[in-house]
Amino acid sequence: MTDHDTAYKLLFSHAEMVRDLLEGFIPGDWVGQLDWHALEKMNGSYVSDDLRSRHDDAIWRLHWSKGRMPLYLLLEFQSSVDDFMPVRMHTYTGLLHQDLVRRRAWDTQGKLPPLLPIVIYNGEPRWRSPTGMAELIQAAPQDIEALQPTQRFWLLDQGTFDQDRLASMRNLVAALFRLEHHRTFAEVPEILSDLIDWLRPPELAGLRHSFVAWLRRRLPQWMPGVTIPQMLDLQEIQEMTRNSAQEWKDMHHQAGLREGLQQGLEQGSTNEARNILRRLLVRRFGAVPQELESQLDAAPLEQLEDWTERLLDARSLAEVFE
């Protein structure tokens, strides 16, 4: 299991993250009918009939308020694109159904509860791979086509969400997505300010610690070359990122001033060379036509110097500007 998987599994082991995930990113009126008091994290380790162990990243059981119908949520966390992700999710849902059968978790009509498989992807390239088994299976004869698996999963590609829309949401998962795909590092302390405010209640101390653990894995990638101290809380991380953002802003400002100064000096030399060449051309050949004036105005320093050298031996304007 990668550091990414471990960190995300830790974050989504908290009911508050699961609730914000469903309320903020899964469409449908049915989400508003869920009984959040009955939200329960399940054991995600299953063993198939051939004794091969598999492990789901996170499995939760929910209930609709009306009728108390159970629903199982399967979460898978990805930092890279997997072309055969539907096969993995098809296997995971099969193992979960198998476990539900062993526990006799069917209703009075012998039907198993529905499942909601979700893949949360935080990689840089956008996800273009299949999200369903039907996209992976070759066309079959009509008589057996209906027998092929059609397992699909709900994909949440973090990089596709509008940052301004995420910023307008009071949502823990939206803040996570904003941090993962911040546009400038200066946004990081601003987002952390929201998290500090939202996670202030004492009962959310565990989730605060999980965010700190996740940030300690991400900060070295956002701040290469910077030593990350053993920070104990979000306030310390926010202060460090704010100071670093200001330092980088000052450095870039100073670099911009130096670059602007150098450009100004070069531009001054260019203007001087242009004026000298124009006076020499007028002295040798008379008035300079408008189309050549335009070339003079647009020419860089190297070109002006080249034309000036040609002027020494040229017998006409055409020979200078050939």
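The values are calculated or read from the model by the stated rules, or taken from the named source; none is laboratory data. As the structure is a computational prediction, the values presented were derived from the model and not from experiment. All Cβ positions, glycine included, derive from the backbone under ideal geometry; neighbour counts span all protein chains shown. Please note that ligands, DNA and RNA were not included when accessible areas were found on the heavy atoms of the full protein model with its side chains. Shrake-Rupley method; radii C 1.70, N 1.55, O 1.52, S 1.80 Å.
Sub-6 Å Cβ pairs linking a first residue in the range 62-83 that is outside any strand (DSSP E or B) and of a type in the set (Gly, Ala, Ser) to a second residue that is at pLDDT 90 or above and open to solvent by 50 Å² or more (accessible area, probe 1.4 Å), at least 6 apart or interchain, are Ser65/Gln33, ordered by first then second residue. Residue count for the range 106-157 satisfying the condition of being over 30 Å from Ser80 (Cα atoms) and touching an Asp or Glu at 6+ places or on another chain (Cβ under 7 Å): 0.
So in the range 117-128, with the set limited to residues that are without any contact (Cβ under 8 Å) to a residue 60 or more places away in the chain and surrounded by 15 or more Cβ atoms within 10 Å (Cβ to Cβ), which one is farthest from the chain's Cα centre (by Cα)? By that ranking, first place goes to Pro117. A search for C-beta distances below 8 Å between a residue of the range 290-312 that is more than 14 Å from Glu272 (Cβ to Cβ) and any residue that is among the acidic types (Asp, Glu) and loosely packed, with under 13 Cβ neighbours inside 10 Å, counting only pairs 6+ apart in sequence or on different chains, returns Arg310/Glu319; Arg310/Glu322. Checking each residue in the range 160-180 for being open to solvent by 30 Å² or more (accessible area, probe 1.4 Å) and in contact with a Gly (Cβ under 8 Å, 6 or more places away or on another chain) picks out only Met169.
If only residues of the range 195-221 that are farther than 18 Å from Arg19 by Cβ and aliphatic (A, V, I, L, M) are counted, the one that is surrounded by the most Cβ atoms within 10 Å (Cβ to Cβ) is Leu215.
When residues in the range 60-97 are screened for being open to solvent by 50 Å² or more (accessible area, probe 1.4 Å) and either of a type outside the set (A, V, I, L, M, F, W, C) or more than 25 Å from Asp35 (Cβ to Cβ) (or both), 14 of them pass. Of all residues in the range 188-215, those that are β-branched (Val, Ile, Thr) have Cβ atoms under 8 Å from Cβ atoms of residues that are surrounded by 21 or more Cβ atoms within 10 Å (Cβ to Cβ) and modelled with pLDDT under 95, 6 or more apart or on another chain, in Val188/Thr241; Val212/Ile237. For the range 1-56, the candidate set comprises residues that are within 23 Å of Asp99 (Cα to Cα) and of a type in the set (A, V, I, L, M); within that set, the residue that is modelled with the lowest pLDDT is Leu51.
Listed by position, the helices (runs of 4 or more DSSP H) contained in the range 104-214 that have at least 3 residues being touching a Leu at 6+ places or on another chain (Cβ under 8 Å) and within 29 Å of Ala15 (Cβ to Cβ) are 172-180, 187-198.
On the stretch given as the range 2-39, residues that are open to solvent by 50 Å² or more (accessible area, probe 1.4 Å) and part of a loop (DSSP other than H, G, I, E, B) total 2. For the range 159-168, the criterion of being over 30 Å from Glu247 (Cβ atoms), in contact (Cβ under 8 Å) with a residue 12 or more places away in the chain and within 22 Å of the chain's Cα centre (by Cα) is satisfied by at least one residue.
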